[in-house]
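The values are calculated or read from the model by the stated rules, or taken from the named source; none is laboratory data. Bear in mind the structure is a predicted one, so any value in this text is a computation, not a measurement. Note: ideal-geometry Cβ built from the backbone for every residue, glycine included; neighbour counts use all protein chains shown. Please note that ligands, DNA and RNA were not included when accessible areas were found on the heavy atoms of the full protein model with its side chains. Shrake-Rupley method; radii C 1.70, N 1.55, O 1.52, S 1.80 Å.
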Amino acid sequence: MFENLDPVLLSRIQFAFTISFHIIFPAFTIGLASWLAVLEWRWLATGDNVYAEVYRLWVKIFAVTFGMGVVSGVVMSFQFGTNWSVFSDKTGNVLGPLLGYEVLTAFFLEASFLGVMLFGWNRVSRRMHFAATVIVASGTLVSAFWILSASSWMQTPQAFRVAENGLLYPTDWLGVIFNPSFPYRFVHMVTAAYLTTAFVAAGIGAFYLFRGRNIKQARVMLGMAMIMAIFVAPAQVLFGDLHGLNTFEYQPAKVAAMEGLWETQRGAPLILLGWPDQQGEKTTSLLEIPKASSLILTHDLNGEVRGLKAWPRDERPPVLWVFWSFRVMVGIGMLMALTGVMGLILYFRKRLFDTRWFQYWCMALTPAGFIAVLAGWFVTEIGRQPYIVQGVLRTADVVSPVPGAPIAMSIAAFVCTYTVVFGAGAFYIVKLIRKGPETLDETYYQHGVRKPPLITEVGSEEEGRHV
């Protein structure tokens, strides 16, 4: 029974499961840390305590999410040794230092100032606390820098040599770090993280407005989220287009799978809805725009787009997953941009905070950013197959020499453990949101230091002397 289990497929499923859990936490904390810095800056600049109250709610959520991200990241690191030991051996000289730099520069930075950010409120000066928040936010961006550099190198490898023993060695570290796809992937991912946080904040703010509670704080959440939707969502469409053009240049097979195109042709149509058939080597088109794919990818209505038949069968990625994941990602991006337009119209009509259908809309889109991020990663990672390092190492050749049975058991253990651990974390976050931001009196924020409560000394109540 167990001897027929494919260890390569199971190892890929396990890594896909753990990275899908992990990526949602950095995608949220990158945007949330920066938003917290903006909230605290607005409080310091305006003196409006509502910003501080919103900050104090979301910093608790940040702490829980950050912790879950660290835990899930450690699990992924172990898998490089348990399931992908050959990969680690062959690429360790290139990827090992990049991951090490992430720990030394980003994780230590975040860990050092996270305590000040979480527990330094009213224990350090306002400026020191704000500096800690900014440093943690910067640390999340530095972490994304190194992780995405390593991931991008696997997509567009350069500046390395293959030794006689089959190991890969770097020849130019700047070339490794700033590989061809890295700038596009970094900007695209960070922007996606900001939008993910914005739509979570918008959904929670809309929830409070719908329930008629925490109105002031909810207006801050929804209002600031709409600023992101108005300006950043359209920019993300542009960044995605630039990223797509880079992918078309360096990974054309992935683009062919994204477009569902099998035949190399000029004036290729953009298939909006369809069903790819990998065995039959065709895509049943339900809705398409003539010549639009050539226009987008080559900026020419009659530009040539290579189809999947230009590559041997064993060089083609799984088309169905890539095709539909790409459409989910793009579709959600368009909904985000549309939300920004609707928010702008409602703002000028002075109905942004009291339109019921828009509150329903924002609540429905609360998880949209997470879904888009996952869909984007599916496109990126599945679209690279059958290679783990594009054009250099095949996935099937670098898996650990481990039978399928123990991998299957570890997947089951991961599913059970993650359900309990991360289910408890999600439950606590929902509990914090249901409780809502705490409204504190003015004396709490005076001069950035909490006044001690009025305590009357024992035996001298009539004198009114206080400690």
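Numbers at a glance
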{"item": "Output for the range 289-298, where each listed residue is open to solvent by 30 Å² or more (accessible area, probe 1.4 Å) and either more than 30 Å from residue 195 (Cα to Cα) or of a type in the set (Ser, Thr, Tyr) (or both)", "result": "290, 291, 298"}
{"item": "Unique match (being at pLDDT 90 or above, assigned to a helix (DSSP H, G or I) and either buried (at least 19 other Cβ atoms within 10 Å of the Cβ) or touching a helix residue (DSSP H, G or I) at 6+ places or on another chain (Cβ under 8 Å) (or both)) among 37, 27, 16", "result": "37"}
{"item": "Qualifying residue in the range 98-106 (condition: open to solvent by 30 Å² or more (accessible area, probe 1.4 Å), under 18 Å from residue 438 (Cβ atoms) and in contact with a helix residue (DSSP H, G or I) (Cβ under 9 Å, 6 or more places away or on another chain))", "result": "no"}
{"item": "Given (1) assigned to a helix (DSSP H, G or I); (2) touching a residue at least 24 places away in the same chain (Cβ under 8 Å), number of the condition residue 261 does not satisfy", "result": "(1)"}
{"item": "Filtered residue count, the range 117-132, keeping only those that are farther than 18 Å from residue 38 by Cβ and part of a loop (DSSP other than H, G, I, E, B)", "result": "5"}
{"item": "Residue match in the range 200-212 (condition: over 24 Å from residue 354 (Cα atoms) and surrounded by fewer than 16 Cβ atoms within 10 Å (Cβ to Cβ))", "result": "no"}
{"item": "Filter result for the condition that a residue is touching a residue at least 12 places away in the same chain (Cβ under 8 Å), among the hydrophobic types (A, V, I, L, M, F, W, C), farther than 19 Å from residue 438 by Cβ and open to solvent by 20 Å² or more (accessible area, probe 1.4 Å), over 66, 80", "result": "66"}
{"item": "Residues that are open to solvent by less than 10 Å² (accessible area, probe 1.4 Å) and under 19 Å from the mean Cα position of the chain (by Cα), drawn from the range 227-277", "result": "229, 233"}
{"item": "Criterion (under 21 Å from the mean Cα position of the chain (by Cα), closer than 24 Å to residue 154 by Cβ, crowded, with 21+ Cβ neighbours inside 10 Å and in contact (Cβ under 8 Å) with a residue 40 or more places away in the chain) met by exactly one of 368, 372", "result": "372"}
{"item": "Some residue of the range 184-197 being farther than 24 Å from residue 246 by Cα and either open to solvent by 50 Å² or more (accessible area, probe 1.4 Å) or in contact (Cβ under 8 Å) with a residue 40 or more places away in the chain (or both)", "result": "yes"}
{"item": "Residue within the range 145-166 that is under 25 Å from residue 46 (Cα atoms), at pLDDT 90 or above and in contact with a helix residue (DSSP H, G or I) (Cβ under 7 Å, 6 or more places away or on another chain) present", "result": "no"}
{"item": "Residue 286, sole failed condition from (1) out of contact with any Leu (no Cβ under 7 Å at 6 or more places or on another chain); (2) closer than 22 Å to residue 331 by Cα; (3) surrounded by fewer than 21 Cβ atoms within 10 Å (Cβ to Cβ)", "result": "(1)"}
{"item": "Filter pass, residue 361 being touching a residue at least 12 places away in the same chain (Cβ under 8 Å) and either surrounded by fewer than 18 Cβ atoms within 10 Å (Cβ to Cβ) or hydrophobic (A, V, I, L, M, F, W, C) (or both)", "result": "yes"}
{"item": "Positions within the range 343-357 being surrounded by fewer than 19 Cβ atoms within 10 Å (Cβ to Cβ) and assigned to a helix (DSSP H, G or I), in sequence order", "result": "344, 345, 346, 347, 348, 356, 357"}
